[in-house]
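The block underneath contains the structure these notes are about, expressed in structure tokens.
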Amino acid sequence: MIRVRNVCLHYQTVQGTVKAVENVSFDIFDGEILGIAGESGCGKSTLMKGIYGNVEAPLALTQGSIEMEIEQAGERQVIPSTQFHRYWWEHISYIPQASMSVLNPVVRIQDQFFDSYLRADVRALGKQQLQGRIAEYLRELELPVEVLHSYPHQLSGGMRQRVIVALATFVHPRFVLADEPTTALDVVVQRGILTMLVNLQRQLQNTFILVSHDMGVHYQITDRMVIMYAGQVVEIAPTAILFERPRHPYTQLLINSLPRLGDDTQRFGIGGRPPSLLAPPAGCRFAARCHLADDQCRQVQPPLVEVEPGHFAACLKHEWVTEIPLVGGGESA
Amino acid sequence: MAVVRFLAVRLMVYVLVVWIGVTIIFFVPRFVPGNPVEVMMGKLLSQGTTMDPVLVESMRKTLTELFGLEGTLWEQYSSFLSRVILTQDFGPSLSYYPTPVSMLVARALPWSLGLLLTALLTSWLLGNLIGLLAGYYNKKNLSKLIETGAMIVYPIPYYILALLLVILFAYIWPIFPFVFQVSGTPGSWPWIQSVAYNSFLPLVSIVAVSLGWWIISMKAMVIDTKEEDFVQYARSRGVSDHKIMLGYVARTAILPQITVLALSIGGVFGGALITEILFGYPGVGSLIYKAILGSDYNLMLGTISISIVAVATATLVLDLIYPFIDPRIRYK
């Protein structure tokens, strides 16, 4: 498992310190698909960098700790995030957003497999056998083997993303982090990639951490969800429960913004903007956009409390969230 | 078939470029005041002998005829074009009459090529290597020091540096020769030593300045490439550091450098005008200089045409081999 404890990740910029992630704690359990959701700029990707142990200036882990617990050679080992880079690809791998630019443009796909981390015994197989292994793996993922001899620019966006997924899972890492893996793709291709991810997770029995702003994607494939707002965790719950009875008004608004079949009433966005992370407000960060907020909310930072077993919410009014019907949900966007 | 069409179009452009270039250097000198007949006459008359004006006039006429300068510009141009296309003959040099231009060029070209190709390849290889390391490890102090050094040297005009070298190492401390003088039989060991010894200062003056440019440009490109997504992603994939540097960063950052190298190889055929004059180096640059001074139309045409053809050929070759260097590029 991966333990995230009181983590603060700050960017040092000319304008000041951007507190991208503030005091975040949660666990990532073995064998689950954990979803992290929230709008752009809420600190999802920064948190992912932290969890991957890829923290480089101007980003810094100013407080808290991230640890990975793995079983190696029969014993449990706890690894701090500063050491994660030694386990990159072997135990923890990363799927970036689908884009043209993450694969080396002048090297064939097959060589990019060869270049990546490979366990010593796999590397010892030699080029011929390794090539066979890779081809076999691609066939398992229902990818045409010819892509191995292509350059990235010769592949479509969807194919490129499948190749990246294959690349990230080829050595069977325990943890796979996917940061908006389907965002740049059309919905048909999206579905294909998501199915591929879920099948892989079932087959490898490893842990997937999926970051997406798309609640629909989370609903389809995640087991548990972490909702982030303005650098903080506002709600954690198993996905089914979260969608059934959200206990934070922000989560409720996110879910409400999803279209449903047969429901043709107009969808509403969430009015306003998230606060600046350079100087966040004193009380609840969502108060300015919240229909439940009162003076207390604007002054006191709500703690993350367990509202029912396994369901955490950071809202002083969490009892009211499902009871007050949403009329419009703020201004229309 | 796309390849054939690409080749046909590309070759047409090639011929067009060469033709336009040659045409320009045919006409420009003829519009410049001073002509080779007068230069030659001046030389003869300045020797002090008094001559009969009738004789002078008939001599002028003979020279004009010999040099192929009679008739209108168009007549000269068409006879020049047909002669060059049919026989590749640029005629006799006018200031070294009757030595053929081709012979003068053939004598000077190996010198220029030897000096400039050595200088170019040395500075290219060295500059890109230093630039790669300095860019890849750009947080190190040594890297900053190298860049500052390159920044200081590269804006210095190469002839100023050459002059400085001559003053310092040929005049104040006479370690290297002041006048270019090669001894020994060509091809023999003492001859090679003598050539190396004599060429050292000109070589250093060219390498030092162009090295700065290669370092700065390569460093800038490496720093940019290093931040590209595919390099960052390679790092997170556990690709080894030297593989990232060579296979990922250098492999892409070198592409524009290859372009400039190929174009520079074309430029080598024009010689290094001022360096050659300063060091008395017997290359194409010195030849062009003499041709201009003596209004030697034929020699100008011969030397500069070679330059034009060389640059155009280098560009053509580059276009043809580029798809092999960069897989993203295809013939269209």
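The values are calculated or read from the model by the stated rules, or taken from the named source; none is laboratory data. Because the structure is predicted, anything quoted here is derived from the model rather than measured. A quick note on method: Cβ atoms are made from the backbone with ideal geometry, for glycine too, and the neighbour counts reach across all protein chains shown.
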Can you give me the ranges of the helices (runs of 4 or more DSSP H) entirely in segment B:239-327 with at least 3 residues that are surrounded by fewer than 19 Cβ atoms within 10 Å (Cβ to Cβ), within 14 Å of chain A (Cβ to nearest Cβ) and at pLDDT 90 or above?
B:251-268
Farther than 20 Å from A:Thr239 by Cα and of a type in the set (Lys, Arg): which single residue out of A:Arg174, A:Arg191 fits that description?
A:Arg174
Give the number of residues within segment A:50-70 that are within 14 Å of chain B (Cβ to nearest Cβ) and either more than 8 Å from A:Ser81 (Cα to Cα) or of a type in the set (D, E, K, R) (or both).
6
Considering A:Gln154, A:Gln128, which residue is more than 23 Å from A:Trp88 (Cβ to Cβ), within 12 Å of chain B (Cβ to nearest Cβ) and surrounded by fewer than 17 Cβ atoms within 10 Å (Cβ to Cβ)?
A:Gln154
Working carefully through the options B:Ala220, B:Ala170, B:Ala162, find the one that is surrounded by 13 or more Cβ atoms within 10 Å (Cβ to Cβ), touching a Ser or Thr at 6+ places or on another chain (Cβ under 9 Å) and more than 14 Å from chain A (Cβ to nearest Cβ).
B:Ala162
Cβ-Cβ distance below 9 Å, separation of 6 or more or different chains: which pairs start in segment A:88-117 with a residue that is under 23 Å from A:Thr183 (Cα atoms) and more than 7 Å from chain B (Cβ to nearest Cβ) and end on one that is assigned to a strand (DSSP E or B) and among the aromatic types (Phe, Trp, Tyr)?
A:Ile92/A:Phe175; A:Ser93/A:Phe175
Out of B:Ala234, B:Ala162, B:Ala150, which single residue is of a type outside the set (Phe, Trp, Tyr), touching a helix residue (DSSP H, G or I) at 6+ places or on another chain (Cβ under 6 Å) and farther than 23 Å from B:Ala272 by Cβ?
B:Ala234
If you go through segment A:236-280, how many residues are acidic (Asp, Glu) and either in contact (Cβ under 8 Å) with a residue 24 or more places away in the chain or farther than 28 Å from A:Glu308 by Cβ (or both)?
1
Just the residues that are of a type in the set (A, V, I, L, M, F, W, C), in a loop (DSSP other than H, G, I, E, B) and surrounded by 16 or more Cβ atoms within 10 Å (Cβ to Cβ), please, taken from segment A:293-324.
A:Ala293, A:Leu304, A:Ala314, A:Cys315, A:Leu316, A:Val321
Which of the numbered conditions does A:Ala120 fail, given that it passes all the others? Conditions: (1) surrounded by fewer than 21 Cβ atoms within 10 Å (Cβ to Cβ); (2) modelled with pLDDT of 90 or more; (3) closer than 23 Å to B:Arg235 by Cα; (4) not basic (Lys, Arg).
(2)
Tally, over segment A:241-292, of residues that are loosely packed, with under 15 Cβ neighbours inside 10 Å and in contact with a Phe, Trp or Tyr (Cβ under 9 Å, 6 or more places away or on another chain)
2
Name, by its number, the condition in (1) assigned to a helix (DSSP H, G or I); (2) within 30 Å of B:Leu320 (Cα to Cα); (3) aromatic (Phe, Trp, Tyr) that does not hold for B:Phe80.
(2)
Residues in segment A:263-275: is at least one modelled with pLDDT of 90 or more, among the hydroxyl-bearing types (Ser, Thr, Tyr) and not assigned by TED's automatic domain parsing to the domain that holds A:Ala168?
no
Out of A:Ser81, A:Ser93, sole residue that is buried (at least 19 other Cβ atoms within 10 Å of the Cβ) and farther than 30 Å from A:Leu125 by Cβ:
A:Ser81
Looking only at helices (runs of 4 or more DSSP H) that lie completely in segment B:148-238, which have at least 3 residues being free of Cβ contacts under 8 Å to residues at least 60 places away in the same chain and within 30 Å of A:Val171 (Cβ to Cβ)?
B:229-236
